[in-house]
Structure formats: C-alpha cells, structure tokens
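This report refers to the structure that appears directly beneath it.
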Amino acid sequence: MNRYNWRAALAAAILPPLLSGCLEKQTIVAIPDAENILFTSDGQLLVTGGKGIYRIDARTNANGETAYVPTELSPPELNSCNYTGMAQLGDWVLTSCVETRWLVIRNNHLLAANLARPDYRFEFVTRRDDTQDPFDALAIPNGVAFAPDGALLVADENFFATSGLTRITLAFPEAGSVESPHITGFQRDWIAGGRGLGSPNGVRVVGDQLFVSDGDSVKRFQFDADGDIPALVTDSDGAYQTNLGVTLWRKPGAIVDDIMPYCGGVALTSFLSGRLHYVASYTDPATGREYFPELYATPWFAFENPSALAIGQGPMFDGGDLLITEKGILFEGKSSYGNKLTRSPLTLNLHDPDACLLIQEEARNKLIQQGVIADT
C-alpha cells in the first residue's frame, strides 16, 4: 500500500495543472520567428528571433499597467541572419546565427555582447568577410552552452546528414577592453554519430551533466573532471558504464527543439505537436536503477510551434512564471500565429526548494502505479 505523506498529497493537488489541462497564456511581446530565451545573471531577459536579438524591458505607466518593450541588440548590417541559441559566461553572452543571401549563399556567424558595457550590442566574433572562418564549416549552428571548463559547445544541426556537437575554445579580452572574444580552438563533431548523436538542436549544461535534444529525443552525457565526455564513466558503486548518451525521452516522429533541465529531469518543447513535456529522473533506492517517467504534458497544439522555454527570473518574473517562445511557421515572421514570447502562470513556484521534493515524490508514485518499482 502506498505510504502517502504531505508532499505526495500536495503534489497530487498542485502538480498536475503545472503542465497539463487548460493553460492560461499571455502574450508578452511579439518576436518574429521567436527562437530562444536567456535570463542573464543580472536578471535581463534576452530573446532571439528569426531576424534579431532583443532585450525585453518592462515599463509601467501611471495607471500601473505594464508593457514589455523589445530593444534590438543585433548588428544592423545583419538583417538576413537567423539567430538561434544563447549562453552566458561571466559578463559575456554569445549567440549564433545563419545568414542567407540570394537564397543560396550561407554564412555562419558567432556573436558576443559584453553586459558590463553601457548600451551594449552584439558584435562579431566571426565576420562575414573572413574566408577562414571555422564557423562556416557547420551546417546549422543552433543551441549553445558553456562546458564546465569554459569551452563553448555548439549544436551543429543537420537534417540531411549525421552531425554532432562542436567544441570551441575562446580567448576573452581583459576588462575595459573594447575588443571582442576570438576563437583559439575549434573541434567539429566533438561528440557525433559514433557517440549517440544524429542532429542535435538544444544544448544545456548543469553541473557535470550535458543535456542535448537530438531529433526525436533528449539525451544526457556526463563530463569528467577535465571537462571532457569520456567513453566510459563510473557509477555510484565505482563500476564502469558507457557514456554514449542516456535517453531521457523519445517519441518517434517528434522534433524536440529546446530543453530545460530541472530537478534532475528535463522539460522540452515538442515543435510539431505544439506540446511541452516534463520528464523526471528517479533512482530507485532499492536497486540503484534510474528511471525517466514522463509526469506532465500539455494538450496537443497548446502552443504554436514552441521553440524554447524558461523559468521566470526577477525582477520582471518569478518562479511561478513559465516563458515560452512560440515560433509559428518557419521563416514567417509577420502573422499572429506564433511569432511571440508568451507566459503561462504555474501553480507552483519552481524556485521553491521543496519543488524538487514534490517532483521526486510524484515520480516515485507514478512508477509504483505502473508496477515498475515496488512500494517499499
């Protein structure tokens, strides 16, 4: 018989509406071809779209009404660049984009902005006139994240061939300099097909774990102390295990866009179905085996081709807010279908320390109900 405690009862009451049932949605701001979300360490909200990078500021009028205003931060000469992922290291935020001219000429760019500089904008790390730009070797540079050792990991998405993660080392200028970072090392396919990846899109790093969305699935890898992804890792008992990517979620035919690790599990956007999913990680203490029960999913087409999601951060939002970019139809940035940043209020503050305990209890109960683990 299940031994429910106060956390289980609270989880049963609070968590199901978290990512299921009828969702309240509020459009925050229109973003053409909305793509990615980043809350910086000082609380700024940055969003990429098909043709630009935007900082979203809240402005309240005399009546107490709040409007969210986008300020474009991308280089004005890059008016045909499709911007994708963002990542922060120190004062620097980096992003990537693919520039297309005359429908056939493609040019990839890595850009950076220093948040410590007044009136900052994104500037070129790799320029369009650089014939030796290693970034141009990538098919579609998409999600980005910094590894524990400070290297930049870039998802090289490719719909027509196997691709992987690229590892880039960067040299950053000294404080007060007007220079931009520059590339000092470039390792294409640092993790690729032979290591379990086919066409990566979203990339996230939490501690010593690397999460990657890859086609119809989400996979997890483990860094070693040197910031590498070894072929073998040791488990809690000291035994060697393969490190080819643990699959947390997979649905044949799905296209997983961005991912958001949370409490050991991962939330994800399923682009074609218009759904958000949350998959927990639960390790059975009796056997030491890890399971990944899907706890929540929104209804089909609850969002208009969702591309990314993020938990709200202060000062504009809080842990009771879930922000989602709804992309809509690819490369169509004018209609009301997608092309926006939306907010869905949650019934649980995800910054609450007890939130992870609630999710673990819910995961355990679901596995027991499914007969996967014993109720001990």
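The values are calculated or read from the model by the stated rules, or taken from the named source; none is laboratory data. Keep in mind it's a predicted model, so treat the numbers as computed, not measured. No Cβ is skipped: glycine too gets one built from the backbone with ideal geometry, and neighbour counts run over all protein chains shown. SASA here: full protein model, heavy atoms, side chains in, ligands and nucleic acids out. Shrake-Rupley method; radii C 1.70, N 1.55, O 1.52, S 1.80 Å.
For this structure, a couple of remarks:
- Pairs over the 30 Å Cα-Cα cut-off, from the set K219/K340; K340/K366; K219/K334: K340/K366; K219/K334.
- Rounded accessible area of K366 (nearest 10 Å², 1.4 Å probe): 60
- Pairwise centroid distance, computed over Cα atoms, of the range 341-366 with the range 147-226, Å: 28
- Max mean-square fluctuation residue, GNM over the chain, Cα-Cα springs under 10 Å, options D318, D119, D208: D119
- Inter-site label distance for N349 and D42 at 7 Å from Cα along Cβ, in nm: 2.5
- Degrees between helix 355-369 axis and first principal axis of the chain (Cα, 0 to 90, nearest 10): 50
- Length released on extending from F160 to D119, taking residue separation times 0.36 nm less the Cα-Cα span: 10.7 nm
- Order of exposure, largest accessible area first, which applies to M316, M260 with probe 1.4 Å: M316, M260
- Assigned charges on the beta-carbon of Lys, Arg, Asp, Glu; the range 27-370 dipole about Cα centre (debye): 800
- The range 94-202: translational diffusion in µm²/s, Stokes-Einstein, Kirkwood Rh over Cα pairs, 4 °C, 1.567 mPa s: 88
- Note on the range 291-338: Cα-Cα pairs beyond 17 Å make up 51% of the total pair count.
- Take every pair of alpha-carbon atoms less than 8 Å apart whose residues are at least six positions apart; their mean separation over the length of the range 27-370 yields a relative contact order of 13 percent.
- Percent carbon-and-sulfur accessible area, the range 27-370, ignoring ligands, DNA and RNA, probe 1.4 Å: 51
- Those residues of the range 273-309 whose amide nitrogen sits under 18 Å from the label point placed on A374, 7 Å along Cα→Cβ: 283-291
- Since only P75, N243, S281 are under comparison, the one whose Cα sits farthest along the positive direction of the charge dipole of the chain, derived from C-beta charges on Lys, Arg, Asp and Glu, is S281.
- Legend: translational diffusion of the range 27-370 by Stokes-Einstein, Rh = Kirkwood radius over C-alpha pairs, 4 °C, 1.567 mPa s; D = 62 µm²/s.
- Of the residues C263, C81, C97, the one that moves most in a GNM of the chain with alpha-carbon contacts below 10 Å is C263.
- For the range 27-370, the solvent-accessible area works out to 43 Å² per residue, with a probe of 1.4 Å and every protein chain left in place.
- Per-residue ellipticity at 222 nm, computed for the chain from helices alone with -39500 (n - 2.57) per DSSP H run of at least four residues, works out to -2000 deg cm²/dmol.
- Accessible-area order (highest first, 1.4 angstrom probe) of the listed residues V69, V154: V69, V154
- The figure for F301 is an accessible area of roughly 140 square angstrom, using a 1.4 Å probe on the protein chains alone.
- Normalised alpha carbon radius of gyration of the range 97-150 [divisor 2.2 N^0.38 Å]: 1.31
- Heavy atoms of E157: accessible area, 1.4 Å probe, square angstrom to 10: 20
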